[in-house]
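The values are calculated or read from the model by the stated rules, or taken from the named source; none is laboratory data. Fair warning: this is a prediction, and the values are worked out from it, not measured in the lab. We place every Cβ from the backbone using ideal geometry, glycine too, and count neighbours over all the protein chains shown.
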Amino acid sequence: MSRRAVVTGGAGFLGSHLCERLLLEGYHVVCLDNFLTGSPANVEHLIGDPAFSLVRVDVTEYIHVPGPVDAVLHFASPASPIDYLQLPIETMKVGSVGTLHALGLAKEKGARFLLASTSETYGDPQVHPQPESYWGHVNPVGPRGVYDEAKRFSEALTMAYRRTHDVDTKIARIFNTHGPRMRPNDGRAIPAFAGQALAGKPITVAGDGSQTRSIIYVDDQIAGIVALLHSDLAGPVNIGNPYETSVLHLAQTVRKLAGSSSEIVFVPRPEDDPTVRQPDIALAREALGWEPKIDYEEGLQRTIDWFRDQLERGA
């Protein structure tokens, strides 16, 4: 009998790619989403697959999935600054009550549980690069705290279910991911830079652009998550690309790959914007045999090409 997976937030950017990959792995996939930041369009191409089902549900209300379930992957959450700053309470609720419900489903079904956590649990780090053993440097009362602390709480709750109820849990700490199906206006650097470069508008870089990020193409990210799901590792595990670049260099690279002559302009940095970000992926390399395979510029080119296609279609 085929394995069955439930993906919360499955119509989001990452969730939709995860649903695709799990179908390829032979799973029947139940995609749960309330479309707060996700969209049915992200999984429209999967609707005809008899192994896929899409259910509109708010995981902070209740989750009921009839029949057996082998894996619950909790990806529901606003994940970009523009979303969680506009939806602070919803972000906190899905990280707390939503995680409680997703873990409850895994416990009820005897299913494996994987939490999509984030590099934002490290906050504005004082340790660089960031290993999983680092506890982080987060401002709990700052505007970004609604996302950072929601994910930190969800990690703690996941471990509580592991220790108290013996649920087989996994925690993936996801670093800046990009690729097709990102929303052009989601407020993240790459969609903003790509959209501005393709439209010939000024590219807006926060601060002086010296702050660093480590970006990973979505196919590599999903491969790491699936490797963790199928492993005996509980985590947390950093799933990211250790190649570190400044935000200014990222803007310059996007401009070059887009064939744009847009000028780069500087705007104020958001409050609590991390100064550095770089994953230590020694654990993923050793325990999962995983590391990113897609080159920095190749991944960016794929993402830019997708945004260009969307613009040409008027999407």
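Below are the figures for this structure:
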| quantity | calculated |
| --- | --- |
| Residues (part of a loop (DSSP other than H, G, I, E, B) and modelled with pLDDT of 95 or more) located in the stretch 1-15 | ARG3, GLY9, GLY10, ALA11, GLY12 |
| Test for PRO140: is it part of a loop (DSSP other than H, G, I, E, B) and either touching a Phe, Trp or Tyr at 6+ places or on another chain (Cβ under 7 Å) or free of Cβ contacts under 8 Å to residues at least 12 places away in the same chain (or both) | yes |
| Selection status of ARG183, part of a loop (DSSP other than H, G, I, E, B), of a type in the set (Lys, Arg) and either closer than 30 Å to GLY314 by Cα or outside the structural domain of LEU73 (by TED's automatic domain parsing) (or both) | yes |
| Which numbered condition GLY259 misses (of (1) in a helix (DSSP H, G or I); (2) loosely packed, with under 14 Cβ neighbours inside 10 Å) | (1) |
| Test result for ALA223, in the same structural domain as ILE82 (by TED's automatic domain parsing), part of a helix (DSSP H, G or I) and over 17 Å from the mean Cα position of the chain (by Cα) | no |
| Matching option when the condition is over 27 Å from HIS128 (Cα atoms), buried (at least 23 other Cβ atoms within 10 Å of the Cβ) and either not assigned by TED's automatic domain parsing to the domain that holds LEU14 or not aromatic (Phe, Trp, Tyr) (or both), among ALA160, ALA194 | ALA194 |
| Pick from the stretch 216-247, criterion acidic (Asp, Glu) and closer than 21 Å to PRO180 by Cα, ranking: surrounded by the fewest Cβ atoms within 10 Å (Cβ to Cβ) | ASP219 |
| Residue among GLU297, GLU312, GLU244 that is touching a residue at least 24 places away in the same chain (Cβ under 8 Å) and out of contact with any strand residue (DSSP E or B) (no Cβ under 9 Å at 6 or more places or on another chain) | GLU297 |
| Where a residue in the stretch 197-217 is at positive phi and its partner, wherever it lies, is of a type in the set (Ser, Thr, Tyr), with Cβ under 9 Å and at least six apart | GLY200/SER260; GLY200/SER261; GLY200/SER262; GLY209/SER246 |
| Selection from the stretch 104-114 of residues that are in a helix (DSSP H, G or I) and surrounded by fewer than 24 Cβ atoms within 10 Å (Cβ to Cβ) | GLY104, LEU105, LYS107, GLU108, LYS109 |
| Condition check for ALA234: over 17 Å from the mean Cα position of the chain (by Cα), farther than 25 Å from GLU263 by Cα and touching a residue at least 40 places away in the same chain (Cβ under 8 Å) | yes |
| Test: GLU271 is among the acidic types (Asp, Glu) and assigned to a helix (DSSP H, G or I) | no |
| Among the residues listed as SER16, SER96, the single one being among the polar types (S, T, N, Q) and surrounded by fewer than 18 Cβ atoms within 10 Å (Cβ to Cβ) | SER96 |
| Among (1) among the aliphatic types (A, V, I, L, M); (2) out of contact with any Phe, Trp or Tyr (no Cβ under 8 Å at 6 or more places or on another chain); (3) closer than 25 Å to ALA11 by Cβ; (4) not assigned by TED's automatic domain parsing to the domain that holds SER154, the one test that LEU257 misses | (3) |
| Selection from the stretch 139-164 of residues that are of a type in the set (Gly, Ala, Ser) and more than 15 Å from the chain's Cα centre (by Cα) | GLY142, GLY145, ALA156, ALA160 |
